[in-house]
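K.L.:
I'd like to ask you about the structure that follows.
The values are calculated or read from the model by the stated rules, or taken from the named source; none is laboratory data. Since this is a predicted model, take the numbers as computed values, not measurements. Using ideal geometry, Cβ is built from the backbone for each residue, glycine included, and neighbour counts are taken over all protein chains shown. Heads up: the accessible areas ignore ligands, DNA and RNA and are worked out on the full protein's heavy atoms, side chains in. Shrake-Rupley method; radii C 1.70, N 1.55, O 1.52, S 1.80 Å.
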Amino acid sequence: MRVLESGNHLIALAANVAGVEVVPAYPITPQTQVIEMIADLIAEGKMDAEYIPVESEHSACAALVSASLTGVRAFSATSAHGLAYMHEMLHYAAGIRVPVVMVNVNRALGPGWNIWCDHQDSISQRDTGWLQVYVASHQEAVDTVIQAYRITEDHRVLMPLMLNMDAFVLSHTYMDADVPGREEVEAYLPPYRPLWKLDPRLPMTHGSVVYPVDFSETRQSMQIGQDNARQVVYEAADEFMRAFGRRHGDMVDGYKLEDAEHLIVAMGSLAAESRVAVDEMRAAGRAVGLLRVRFFRPFPIDELRSLCSGRSGLMVIDRDFSYGMEGALFSEVKAALYGHADVPSTNLIVGLGGRDVTYEQIREAADRAFRGEADEVTWGDSHITKAHEITREMLAEFDKLLSP
Amino acid sequence: MVSFKDLPEEELFLAGSTACQGCPSSLALRMAFKALGKDTILLVVASCTSVLQGSYPLSAINLPLMNVAFATGGASASGVSAAVKALVKRGELAEEPNVLVWAGDGGTYDIGIQSLSGAAERETDFIYVCYNNEMYSNTGTQRSGATPLGAWTTTTPGGKAQHRKDIAQIMIAHRIPYVATVSLAYPLDFYQKMLKAKEIRGTKYIEMLAPCPPGWKFPSAQMIAVSRMAVQSGMWLLYEHEDGETRFTAATKRILEGKVKKRPVKDYLEIQGRFRQILSSPEGQQAEDMLEKEVSESIRRLQGWVPEYI
Amino acid sequence: MSREKEEVGYMTSMSRPVKGCAGDTGEWRVFRPVKNDDKCNRCLLCWVYCPEACLTKEALEIDYQYCKGCGICAVECPTGAIEMVKEEKR
């Protein structure tokens, strides 16, 4: 059914047709509309699920884990500080191997308090064991929620999945999208069949103390789940294509790659913006392409190696920063290519805290980068504003007060 | 009237666990399982009980059990409770099993209070048992919000300077259908309260004083005797709260009815090691008086719950 | 997926309930509870109070394989039918 809806509402509709049975959730801007709509759908009898109005995100993730381990399909949504507050339970979900799906509406972490888009929240959860996918359009968000359960519940994977969607740019803008019917989806995504669960018919203890002698294998097994997901992601996309005639779902998404000498590498909606920059640069006669990283975990190592080798240069855009180092995606791309493809690469940091990033800015930065004029890491839109001048005045006042 | 003969013979807590000798939590688990039976999903909040059940790949607990993170007892119960409702709706389960959370005082009074409070307010259908050993025993006996005034712990080397909080009263303030306190020295009172909790829908909070032999510094053989003296001295009051009414039970009831004389708090302080420092110090008498005052205040507050007050 | 990968693919922290998950915990004992059946009035208190589920309800037999020797049964027995006897060095 085609609908005109916000990204957040489309996520809720997709969770409904995906046959989600339990939804523990806690409101946070800019995710709130996801859970408001789920609550509405349940209240109106349009969604057959249990909504748990938890008192915190830590509890949301705890209930997500325990519900899933009891044998049902569970879903939640959060953002920024909510995701950070879940941190312990993110590890828990992955460690106890529950195939849950959670949408994270990408937002900056405070202070300074900021409800707008960047990727700092999800990047900071990189090592929790969750699969991470970043979507770039409304339709992709819908299709990815449905595919997400195919991937996580696949018995070769059994790892939780975080679907990342840019705040406001996607979450609050309205777009026309197709939401398939529940029956069609059920043919693609059958009911959840756990391999093990909390069940009085076979009483086992889950989450036991594990001594050093047995521990490493439990962690390696998580990595095997992640590794297997690489294959399963493509299978889920292929079958989705056959069932619904759309393809959103590879590890990466390429644009004008074929003869490109230089590539822009980006995630989320900035990648969509970068397409326009690529078009403009192409029009000016420059062989530039775009490589959008969809899955950040598992990281598309093979795809990057094969798609980046032989290029003259990369510009990796990060809407996040790993303090004391560089943009997180930049580090990951270089690590994937190291020893396989020797491509000069630079890093553009832009769009933190929801600052608007235009395709002109991306084009200008890419022009500089691909001419070899950019620093290794460039804070692309950083400049002193009027407000920052006031900070300097306040600092001068403190200097007077606190100087010996 | 239930007698020992009525307690089921089947043991769902299996002998040969990693629990210390005379562990109150293992005995309480045995008793709770007898009341609730096999159709129970158990969530163990990080505590001694996460460890005393054994380690991978073996377990002493013959129930479906999930060890949950420290701050998540209530929330984890909400997740399981919602999931079993969905499974019943789906026809995969004939009826909802009991959902039992087992947490220590650290996981209840301190780090877990938010999650427990949330679950109670959501009216999650589960039984929450707090086995209160009045300290963080699992990490080597540090102070908790349940540690009484004057008690030694590794982080109150001179004895705790503050009173413990009264979390059962906090749970009553949630207007949940059942709150009860229990003691291992009064096993039939404990068993009957568990049976009652099993039949009531909604959030049930049961708290048991759990004298920890190594933590409280008394011989393991005295575990029941210390439990009993806690009740006889008023330092642990037995009651249940239902329909807006508090009823004292077992020995606490007999004391308040004047049938048995209350023992001085001092008798309780003297049969364990954790009050030794405070008893021998110049402030000892003051601490003793303050604890006696705490007991009478607690009783008065509980008596305030009688219907005519409402 | 290689064979090794399949082998550790599902290693979780799941455990099976068994008696003696900590081994023969009877070896922890310093004192051994010895029951005098002549004094026993079958009140069941020892069975009720055993933290380790080491007595049978019917025969009140002590399971020495697992009994840790905490001594609660001896202290609580109203007729003094249980005596704690020092274990011989093993």
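K.L.:
Considering only DSSP beta bridges with both partners in the range A:252-379, what is the antiparallel share in %, to the nearest 5?
P.N.:
On the way: 4 of 21 bridges.
So the antiparallel bridges amount to about 20 percent of the total.
K.L.:
Within 10 Å, count the other beta carbons around each residue, average over each peptide in B:76-84, B:111-119, A:304-312, and list them highest first.
P.N.:
Values: B:76-84: 30.8, B:111-119: 24.4, A:304-312: 16.4.
Packing proxy ranking, top to bottom: B:76-84, B:111-119, A:304-312.
K.L.:
Using a 1.4 angstrom probe on protein heavy atoms only, which residues from the range B:15-59 are buried by at least 50 Å² of accessible area when all chains are present rather than their own chain alone?
P.N.:
Residues of the range B:15-59 that lose at least 50 Å² of accessible area once the other chains are added: B:Ala15, B:Gly16, B:Gln21, B:Arg30, B:Ser55, B:Tyr56, B:Leu58, B:Ser59.
K.L.:
In angstroms, what radius of gyration and Dmax does the range A:252-379 have, counting Cα atoms only?
P.N.:
Taking only Cα atoms of the range A:252-379, I get Rg and Dmax of 13.1, 38 Å.
K.L.:
I want the antiparallel fraction of DSSP beta bridges within the range A:2-244, as a percent rounded to 5.
P.N.:
If I count the DSSP bridges inside the range A:2-244, around 20 percent turn out antiparallel.
K.L.:
Moving to a separate point now. Mind putting a number on the dipole of chain B about its Cα centre? Charges go on the C-beta only, +1 for Lys and Arg and -1 for Asp and Glu, and I need it in Debye to the nearest 20.
P.N.:
Values: 33 positive and 32 negative charges, 75 e Å.
Around 360 debye, computed over chain B.
K.L.:
Per-residue ellipticity at 222 nm for chain A, helices alone: DSSP H runs ≥ 4 residues times -39500 (n - 2.57), over residue total, nearest 500 deg cm²/dmol? Show your work: numbers first, answer last.
P.N.:
Details: 14 runs with 172 residues, N = 404.
Using -39500 (n - 2.57) per qualifying helix, the result is -13500 deg cm²/dmol.
K.L.:
Another one. Taking a probe of 1.4 Å and counting only protein heavy atoms, give the total accessible area buried between chains B and C in Å², rounded to the nearest 100. Mind dumping the intermediate values first?
P.N.:
Details: alone 13880 and 7170 Å², together 18070 Å².
In total, chains B and C hide about 3000 Å² from solvent.
K.L.:
Take the eigenvalues of the Cα gyration tensor for chain A, scale each by 5, and report the square roots as semi-axes in whole Å, largest first.
P.N.:
Largest first, chain A gives 35, 26, 22 Å.
K.L.:
Let me ask something additional. For A:Ala287 and A:Thr358, calculate 0.36 nm times their separation in residues minus their Cα-Cα distance, and state this gained length in nm to one decimal.
P.N.:
Details: separation 71, 0.36 × 71 = 25.56 nm, distance 2.02 nm.
Full extension of this stretch gives 23.5 nm more.
K.L.:
Follow-up. Rounded, prolate or oblate, given the Cα gyration tensor of the range A:71-155, with a/c below 1.5 counting as rounded? Before the final figure, lay out the partial values.
P.N.:
Details: a/c = 2.30, a/b = 1.32, b/c = 1.74.
Because a/c hits 1.5 or more and a/b fails to exceed b/c, the range A:71-155 counts as oblate.
K.L.:
Determine the share of chain A's accessible area contributed by carbon and sulfur atoms, expressed in whole percent, with a 1.4 angstrom probe.
P.N.:
Values: 8510 of 15950 Å².
Whole-percent figure for carbon plus sulfur exposure: 53.
K.L.:
Is there a simple number for the mean count of other chain Cβ atoms within 10 Å of the Cβ of residues in C:62-72, and what is it? If you can, show how the numbers build up before the last one.
P.N.:
On the way: counts 0, 2, 0, 2, 4, 3, 10, 4, 12, 7, 12.
What the average comes to for C:62-72 is 5.
K.L.:
Just the number please: accessible area per residue for the protein assembly as shown, 1.4 Å probe, all protein chains included, in Å². All intermediate terms of the calculation are to be shown ahead of the outcome.
P.N.:
Values: 31780 Å² over 804 residues.
Here the per-residue accessible area is 40 Å².
K.L.:
In sequence order, what are the phi-derived ³J(HN,Hα) couplings for the range C:51-67 according to the Karplus relation 6.51 cos²θ - 1.76 cosθ + 1.60 with θ = phi - 60°, rounded to whole Hz, with x for glycine and proline?
P.N.:
x, 10, 6, 9, 10, 8, 6, 6, 8, 6, 7, 8, 8, 6, 5, 10, 3
K.L.:
Apply 1/(1 + (r/R0)^6) to the Cβ-Cβ distance of C:Ala59 and B:Glu199, taking R0 = 35 Å, and write down the FRET efficiency to the nearest 0.05.
P.N.:
Working: r = 32 Å, r/R0 = 0.93.
Taking R0 as 35 Å, the efficiency between C:Ala59 and B:Glu199 is 0.60.
K.L.:
What's the angle, to the nearest 10 degrees (0 to 90), between helix B:24-36's Cα axis and the longest principal axis of chain B?
P.N.:
40 degrees
K.L.:
Still on this structure, please answer the following. Suppose R0 equals 51 Å. What FRET efficiency, 1/(1 + (r/R0)^6) with r the Cβ-Cβ distance, do C:Lys39 and C:Val8 give to the nearest 0.05? The partial results should precede the final answer.
P.N.:
On the way: r = 56 Å, r/R0 = 1.11.
Here the calculated transfer efficiency is 0.35.
K.L.:
Also, I was wondering about something else. For A:Thr173, put the label point 7 Å out on the Cα→Cβ axis and report which residues of the range A:1-29 keep their amide N under 11 Å from it.
P.N.:
From the range A:1-29, the list is A:7.
K.L.:
Report Rg(Cα)/(2.2 N^0.38 Å) for the range B:120-184, keeping two decimals. Mind dumping the intermediate values first?
P.N.:
Numbers: Rg = 14.2 Å, N = 65, 2.2 N^0.38 = 10.7 Å.
Expressed relative to 2.2 N^0.38 Å, the Cα Rg reads 1.32.
K.L.:
As I understand it, the dipole of chain B uses +1 on the Cβ of Lys and Arg and -1 on the Cβ of Asp and Glu, about the Cα centre. Which of B:Gln303, B:Pro264, B:Ile200 lies farthest toward its positive end?
P.N.:
Farthest towards the positive end: B:Pro264.
K.L.:
Quick one: which residues, 5 or more positions from B:Ile271 or on another chain, have an amide H under 5 Å from its amide H? H modelled 1.01 Å from N in the peptide plane, none for Pro or chain starts.
P.N.:
For B:Ile271, no residues qualify.
K.L.:
Could I ask something else about it? Using Cα springs under 10 Å in a Gaussian network model of chain A, which residue among A:Ala63, A:Ala167, A:Ala341 shows the largest mean-square fluctuation?
P.N.:
A:Ala341
K.L.:
Pop out the ³J(HN,Hα) list for the range A:291-299 in order, Karplus 6.51 cos²θ - 1.76 cosθ + 1.60 with θ = phi - 60°, rounded to Hz; leave Gly and Pro as x.
P.N.:
Result, rounded to whole Hz: 10, 9, 7, 8, 8, 8, 9, x, 6.
K.L.:
Determine ³J(HN,Hα), in whole Hz, for all residues of the range A:7-22 in sequence, where each value follows from phi through the Karplus function 6.51 cos²θ - 1.76 cosθ + 1.60 and θ = phi - 60°; x replaces Gly and Pro.
P.N.:
Result, rounded to whole Hz: x, 4, 5, 5, 4, 4, 5, 5, 4, 5, 5, 6, x, 5, 10, 9.
K.L.:
Taking the Cα centre of the protein assembly as shown as origin, sum charge times position over the Cβ atoms of Lys and Arg (+1) and Asp and Glu (-1), and report the length of that vector in debye to the nearest 20. The partial results should precede the final answer.
P.N.:
Details: 82 positive and 104 negative charges, 564 e Å.
Dipole about the Cα centre, nearest 20: 2700 debye.
K.L.:
Give me the inter-chain shielding for A:46-58: mean count of other chain Cβ atoms within 10 Å, whole number please. Walk me through the intermediate numbers first.
P.N.:
On the way: counts 0, 0, 3, 3, 9, 1, 10, 4, 8, 11, 6, 0, 6.
Rounded to a whole number, the mean comes out at 5.
K.L.:
On average, how much area does the Cα convex hull of the range A:1-134 cover when viewed from any direction, in nm²?
P.N.:
Numbers: hull surface 31.9 nm².
Dividing the Cα hull surface by four gives the mean projection, 8.0 nm².
K.L.:
In the range A:166-181, whose amide N lies under 12 Å from the spot 7 Å out along Cα-to-Cβ of A:Lys46? List them in ranges.
P.N.:
none
K.L.:
Still on this structure: First measure r as the distance between the Cβ atoms of A:Leu395 and A:Ala84, then evaluate 1/(1 + (r/R0)^6) with R0 = 25 Å and state the FRET efficiency to the nearest 0.05.
P.N.:
On the way: r = 28 Å, r/R0 = 1.12.
Rounded to the nearest 0.05, the efficiency is 0.35.
K.L.:
Once amide H atoms are built 1.01 Å from N in the peptide plane, which residues 5 or more positions from C:Arg32, or in another chain, come under 5 Å H to H?
P.N.:
Answer set, sorted by chain and number: C:Val85, C:Lys86, C:Glu87.
K.L.:
Can you list the residues, at least 5 places off or on another chain, whose amide H is less than 5 Å from the amide H of B:Thr154, using H built in the peptide plane?
P.N.:
B:Gln142, B:Arg143
K.L.:
Please report the net charge: other residues with Cβ closer than 11 Å to the Cβ of B:Tyr191, K and R +1, D and E -1.
P.N.:
Working: positive: B:Arg30, B:Lys34, B:Lys193, B:Lys196, B:Lys198; negative: B:Asp6, B:Asp189.
Local net charge: +3.
K.L.:
How many percent of DSSP beta bridges within the protein assembly as shown run antiparallel, rounded to 5?
P.N.:
Values: 27 of 94 bridges.
The answer is about 30 percent antiparallel.
K.L.:
Indicate the gyration tensor shape class of the range C:29-90 (rounded, prolate or oblate), computed on the Cα atoms with a ≥ b ≥ c the square roots of the eigenvalues: a/c under 1.5 is rounded; otherwise a/b larger than b/c is prolate and the rest oblate. Each step should come with its number before you reach the end.
P.N.:
Details: a/c = 1.78, a/b = 1.38, b/c = 1.29.
Verdict is prolate for the range C:29-90.
K.L.:
Moving on to the next point. Given the rule -39500 (n - 2.57) for each run of at least 4 DSSP H residues, summed and divided by the residues of chain B, what is its mean residue ellipticity at 222 nm, to the nearest 500 deg cm²/dmol?
P.N.:
On the way: 12 runs with 116 residues, N = 310.
It lands at -11000 deg cm²/dmol.
K.L.:
In nanometres, what is the gap between the two model label sites at B:Lys261 and A:Glu261, each 7 Å from Cα along Cα-to-Cβ?
P.N.:
It is 10.3 nm.
K.L.:
So what's the angle, to the nearest 10 degrees on a 0 to 90 scale, between helix A:212-244 and the longest Cα principal axis of chain A?
P.N.:
90 degrees
K.L.:
Here is a further query. Rounded to the nearest whole Å³, what is the per residue volume of the convex hull around the Cα atoms of the protein assembly as shown?
P.N.:
Taking only Cα atoms, the protein assembly as shown has a hull volume of 220 Å³ per residue.
K.L.:
Taking the Cα atoms only, what angle lies between the long axis of helix A:269-283 and the longest principal axis of chain A, rounded to 10 degrees?
P.N.:
The helix A:269-283 is inclined about 40 degrees to chain A.
K.L.:
Separate question: As a test of understanding, state the convex hull volume per residue of the range B:10-309 from its alpha carbons, in Å³.
P.N.:
Numbers: hull volume 37.3 nm³, N = 300.
Convex hull volume per residue, Cα atoms: 124 Å³.
K.L.:
Right, next: Averaged across the residues of A:374-383, what count of C-beta atoms belonging to other chains lies within 10 Å of each residue's C-beta? Could you put the intermediate results ahead of the total?
P.N.:
Values: counts 0, 0, 0, 0, 0, 0, 0, 0, 0, 0.
That average works out to 0.
K.L.:
How would the range B:70-136 be classified by its alpha-carbon gyration tensor: rounded, prolate or oblate, with rounded meaning a/c under 1.5 and the a/b versus b/c comparison settling the rest?
P.N.:
Numbers: a/c = 3.33, a/b = 2.33, b/c = 1.43.
Prolate is the answer for the range B:70-136, as a/c is 1.5 or above and a/b outweighs b/c.
K.L.:
Mind checking the full-extension length gain between A:Ala387 and A:Asp250? Use 0.36 nm per residue of separation minus the Cα-Cα distance, one decimal, nm. Could you put the intermediate results ahead of the total?
P.N.:
Details: separation 137, 0.36 × 137 = 49.32 nm, distance 4.27 nm.
The A:Ala387-A:Asp250 span can extend by a further 45.0 nm.
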